[in-house]
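Accompanying notes for the structure given below.
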Amino acid sequence: MARQHVSVRLRGRRPAGCRAINVMLTAGVAGLALAACSSSAPVAASRHVAATSPRPAHSAPGTTASSAPVTLAPSAAASPAAEQPGWTVVSRLGSGIAVDSHRARRLDGDSVTVLRFHAGLVHYALHVGWVDPPGAAAAPAGARPVIGPDQHAKLLAAFNGGFLMGAGCLPCGVGGMEVAGRVLVPLVSGMTSLVLAPDGGASMGVWGHGFPPAGAAVYSVRQCLPPLVSGGRVSPNIGDISAWGATLGGGELTARSAVGIDVRGDLLYAGSMSALPSDLARALVSAGVVTAMELDINPEWVQADTALAPGGPLSAAVLDQNRPADQYLTGWTRDYVTVLAGP
């Protein structure tokens, strides 16, 4: 079937959707993905997890041990990454490459931009939006819709979060969200989850299925669907377009984004203004991702921005993205993730 492009610009609320994230650790792999309310039965997710850094020991709230519990072992600090053919250095710190990028070309001429954030050189913060998730007004200063001056001084990149979680979507089963220790939307067992520790380190897994492991520090959580990529393999459900979100106009091609993790613990973001779920999945697998989840879709919501140095001017990273590069500095309606210099 010929690919059908969707060029409608989204106004107002994004379509209701459901999502899930997964990740892997040096000891294993976890599933990650995201789907809409029209999703078919979720793909079974792996119970392994991945993390970018050791976590202080404390109990993760609301988890249920699986029959095969996973232990989060402290991972050795990753050695500085060398420049890699086909990748362009975006930002470099004194200790090595912090962010680099790759553009995967599709046969029809469309492209998928992949950003890689190097473990040990960066950390992350989850921000709420003006509109979503519900209860955003309760978020502390470091997680509010506008990036504050302290974070701005360290800012290397920012990228969009997941599907709508607010009114009209909660029955979708999108999962929950915790920001800076405050549960804004109840967390749901069985949902893939991006977990940030108090030190900004990232890990991913399926909530309540041996994840987070005992002793893991849970500070912020963004939950979504079944894995887009699990165990380094594209989801067997990848061809069911309806499982990955409702598109404007009903076409298969639209703006899409995803996040994944590799064996080093690097997070990788993939975004395109015209892509199928399989395009994102294959681009991430080609970049070494073992677990990935789809993030938001449709033109208004896919945005990623990068700086050459901490606190420097931001540039739009996704080719032809709708939103301006400084959007997150002035605030945004939905949740998003900042990438900050320093371990």
task: Using +1 at the Cβ of each Lys and Arg and -1 at the Cβ of each Asp and Glu in the range 213-343, identify which of L276, A255, Q223 lies farthest towards the dipole's positive end.
output: Q223
message: Could you work out how much longer the chain between A141 and A82 gets when fully extended? Use 0.36 nm per residue separation minus the Cα distance between them, nm to one decimal.
response: 17.7 nm
Rounded, prolate or oblate (a/c below 1.5 giving rounded, otherwise prolate when a/b exceeds b/c) for the range 286-339 by Cα gyration tensor: oblate
- request: Classify the range 237-343 as rounded, prolate or oblate from the Cα gyration tensor: take a ≥ b ≥ c as the square roots of its eigenvalues, call it rounded if a/c is under 1.5, otherwise prolate when a/b beats b/c and oblate if not.
  value: oblate
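Would you work out if the range 80-159 is rounded, prolate or oblate? Take a ≥ b ≥ c from the square roots of the eigenvalues of the alpha-carbon gyration tensor; rounded if a/c is under 1.5, else prolate when a/b is larger than b/c, oblate otherwise.
Oblate shape, in that a/c is at least 1.5 and b/c is the bigger or equal ratio.
How much length is gained if the chain between S189 and D108 is pulled fully straight, taking 0.36 nm per residue apart and subtracting their Cα-Cα distance, in nm to one decimal?
Length gained, S189 through D108: 25.2 nm.
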task: Pop a pseudo-label 7 angstrom from the Cα along the beta-carbon direction at both D240 and V263 and give the gap in nm to one decimal.
output: 3.1 nm
field: Relative contact order of the range 84-130, pairs being alpha-carbon contacts under 8 Å that are 6 or more residues apart, as %
entry: 28 percent
statement: L319 and R92 label points (each 7 Å along its Cα→Cβ direction) are spaced in nm at 2.5 nm
statement: Sorted by accessible surface (1.4 Å probe, heavy atoms of the protein chains only), largest first, Y328, Y219 come out as Y219, Y328
query: Normalised by the residues of the range 249-343, what does the relative contact order come to in percent, with Cα pairs under 8 Å and at least six apart?
result: 25 percent
- request: Would you check the accessible area of V188, probe 1.4 Å, heavy atoms only, in square angstrom rounded to 10?
  value: 60 Å²
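The values are calculated or read from the model by the stated rules, or taken from the named source; none is laboratory data. In this text, all values refer to a predicted model and were calculated from it rather than measured experimentally. Neighbour counts run over all protein chains shown; Cβ positions are idealised from the backbone, glycine included. Ligands, DNA and RNA are stripped out before the accessible areas are found, and what is left, the full protein with its side chains, is counted by its heavy atoms. Shrake-Rupley method; radii C 1.70, N 1.55, O 1.52, S 1.80 Å.
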